[in-house]
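Report on the following structure.
Where a number appears in this text, it was derived from the coordinates with a stated rule and is not lab data. Just so you know, these numbers come straight off a predicted model, no measurement behind them. Positions of Cβ are backbone-derived with ideal geometry, glycine not excepted, and every protein chain shown enters the neighbour counts.
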Amino acid sequence: MFTSVALMCMLVAVGVALPGGYQPSYNVPTPYTFNYGVTAGNTNFGQHESGDGRNVRGKYYVHLPDGRVQTVGYRADGSGFHPTVPIPYTFNYGVTAGNNNFGQHESGDGRNVRGKYYVHLPDGRVQTVGYRADGSGFHPTVSYQGTASHPGYGYGYH
């Protein structure tokens, strides 16, 4: 009897001493932010990125040999990588029809805009608005050419 109790105690001790089953470890996603920039000789590029462990947002830039700066913004989440590349553009138009005479010229690099529009006013002057728009807002400059002429008083309907 003593032998069976001793054997039973040894089996229990061995069973308790066995390692447990696999327990996967789970690391909680950690928010992060980083920045870097490199300027050396003709090289100038950098990146900024932040993430919450599941979603990432950022942008990177490079100064191109022709003087332009190429910037790509992006976000990455459960549905994939989504870049946003600003697209440069230029347009102009002019209208001369009857008493109408106006036009516009504008160009942008996807972040900054410069342009000018004009209109021939009924009083004979030409109003020109030059403008730029960037991260600090819209900045117009208004000018007039010519002298305003107003018809004299007269009698209207008879």
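Per-structure values
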read-out: Rounded to whole Hz, the Karplus (6.51, -1.76, 1.60) HN-Hα couplings of region 102-118, x for glycine and proline; value: 7, x, 7, 9, 8, 9, x, 10, x, 10, 10, 10, 9, x, 7, 9, 9
read-out: Alpha carbon convex hull of region 45-158, volume per residue in cubic angstrom; value: 213 Å³
read-out: Contact order relative to length of the chain, as percent, for alpha carbon pairs under 8 angstrom and 6 or more apart; value: 9 percent
read-out: Using alpha-carbon coordinates, inclination of helix 2-17 to the longest axis of the chain, degrees; value: 20 degrees
read-out: Measure of compaction for region 17-77 (Cα Rg per 2.2 N^0.38 Å); value: 1.88
read-out: Mean Cβ count within 10 Å, highest first, over the residues of peptides 102-112, 29-39; value: 102-112, 29-39
read-out: Order by protection proxy (mean Cβ within 10 Å, highest first), peptides 1-7, 80-86; value: 80-86, 1-7
read-out: Anisotropy class of region 89-145 from Cα gyration tensor, a/c 1.5 cut; value: oblate
